[in-house]
Amino acid sequence: MDKIEILSKLKEEKIVAVIRAKNKEQGLKVSEAIRKGGIKFLELTMTVPGALDIIKELSEQYKDDKEVVIGAGTVLDAETARLAILAGAKFVVSPSLSPEVIRMCHRYRVAVMPGVMTPTEALHALELGADLIKVFPGGAFGPSIIKDFKGPLPQGNFMPSGGVSVDNALEWIKNGAFAIGTGSSLTSGAQTGDYEAVTKVAEQFVTIVNGEK
């Protein structure tokens, strides 16, 4: 699946699961629980011990499955971006705007999603050729920030991350978000080993963004 196909699929699916975990074992269990709940874009953050190993293992596990897309998150520099891509990541997400990370992803033709907080950063991201602009932390703004960004920058595609929950997911979408990124509100059950709860919340997210009741 190439970059264009991945972005098209994300526009359809609308959800990226941001996965943080204490170790590799928990990371794999959380990933599986989320996938069972119907979320197909899995973003393994580089803060997880053994994150590159998880990306490699999941990429191998789902190499013949066109539905599941594995990516890397919390990528702070070009070196980490390259390692994640070589491990199998099909998209790269950053909490900040790094021209070097964007250029590295372009080199490998991998979808790149840098983080911004201001219109100036968003414009810079567009000029650098970002595929999708991550509004982070979303919780510091609220869903209306997407509409505010798209006022002067209607050509931009925005994805909030941080502060996105089942309670406000649909509001983000209605305000013009290309997709939403959700982490702690989705995976909190994993902290007590309740992976079934993670699956149930994932199912709720999928139902909500599809406009179902």
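So which residues in the stretch 1-27 are closer than 26 Å to residue 109 by Cα and surrounded by 19 or more Cβ atoms within 10 Å (Cβ to Cβ)? Before you say what the answer is, go through the steps one by one.
At the first step, the residues of the stretch 1-27 found to be closer than 26 Å to residue 109 by Cα are 1-20.
Within the stretch 1-27, 10, 14, 15, 16, 17, 18, 19, 20 qualify.
Filter the stretch 81-101 down to the residues that are touching a strand residue (DSSP E or B) at 6+ places or on another chain (Cβ under 8 Å) and within 22 Å of residue 124 (Cβ to Cβ) and list them by number.
Selection gives 81, 91, 92, 93, 94, 95, 96, 97, 101.
I'd like to verify a number: residues in the stretch 116-130 that are crowded, with 22+ Cβ neighbours inside 10 Å and touching a residue at least 24 places away in the same chain (Cβ under 8 Å), how many?
Going through the stretch 116-130, the residues crowded, with 22+ Cβ neighbours inside 10 Å turn out to be 116, 122, 125, 130.
From what's left, touching a residue at least 24 places away in the same chain (Cβ under 8 Å): 122, 125, 130.
The qualifying residues number 3.
Residue 112 is checked against (1) touching a His at 6+ places or on another chain (Cβ under 9 Å); (2) more than 18 Å from residue 7 (Cβ to Cβ) and fails just one. What number does that condition carry?
(2)
Would you confirm whether or not the stretch 167-177 contains a residue that is of a type in the set (Phe, Trp, Tyr) and either surrounded by 22 or more Cβ atoms within 10 Å (Cβ to Cβ) or in contact (Cβ under 8 Å) with a residue 24 or more places away in the chain (or both)?
yes
For residue 109, are the conditions met, namely being loosely packed, with under 15 Cβ neighbours inside 10 Å and under 19 Å from residue 74 (Cβ atoms)?
Details: loosely packed, with under 15 Cβ neighbours inside 10 Å: yes; under 19 Å from residue 74 (Cβ atoms): no.
Here the answer is no, as residue 109 does not meet what is asked.
Which number in (1) crowded, with 19+ Cβ neighbours inside 10 Å; (2) in contact with a Leu (Cβ under 8 Å, 6 or more places away or on another chain); (3) of a type in the set (S, T, N, Q) marks the one condition that residue 80 misses?
Among (1) crowded, with 19+ Cβ neighbours inside 10 Å; (2) in contact with a Leu (Cβ under 8 Å, 6 or more places away or on another chain); (3) of a type in the set (S, T, N, Q), residue 80 violates only (2).
Return yes or no: is residue 180 of a type in the set (A, V, I, L, M), out of contact with any Asp or Glu (no Cβ under 6 Å at 6 or more places or on another chain), surrounded by 15 or more Cβ atoms within 10 Å (Cβ to Cβ) and under 29 Å from residue 30 (Cα atoms)?
yes
Check 181, 139 and return the single one that is modelled with pLDDT of 95 or more and under 30 Å from residue 36 (Cβ atoms).
On the way: 139 fails: modelled with pLDDT of 95 or more.
None of the other options fit; the residue is 181.
In the stretch 151-197, what residues are farther than 20 Å from residue 122 by Cα and aliphatic (A, V, I, L, M)?
166, 169, 170, 186, 190, 197 - these are the residues of the stretch 151-197 that are farther than 20 Å from residue 122 by Cα and aliphatic (A, V, I, L, M).
Quick check on this structure: which one of 176, 211, 189 is of a type in the set (Gly, Ala, Ser) and closer than 22 Å to residue 23 by Cα?
Working: 176 fails: closer than 22 Å to residue 23 by Cα; 211 fails: closer than 22 Å to residue 23 by Cα.
Of 176, 211, 189, the one residue that is of a type in the set (Gly, Ala, Ser) and closer than 22 Å to residue 23 by Cα is 189.
Of everything in the stretch 86-95, what is part of a strand (DSSP E or B) and either without any contact (Cβ under 8 Å) to a residue 24 or more places away in the chain or surrounded by fewer than 22 Cβ atoms within 10 Å (Cβ to Cβ) (or both)? Give them in sequence order. Walk me through it before giving the result.
At the first step, the residues of the stretch 86-95 found to be part of a strand (DSSP E or B) are 91-93.
Once the filter is applied, which keeps residues that are part of a strand (DSSP E or B) and either without any contact (Cβ under 8 Å) to a residue 24 or more places away in the chain or surrounded by fewer than 22 Cβ atoms within 10 Å (Cβ to Cβ) (or both), the stretch 86-95 yields only 92.
The values are calculated or read from the model by the stated rules, or taken from the named source; none is laboratory data. In this text the structure is predicted, and so the values were computed from the model without any measurement. As a convention, Cβ positions derive from the backbone with ideal geometry for all residues, glycine included, and neighbour counts pool all protein chains shown.
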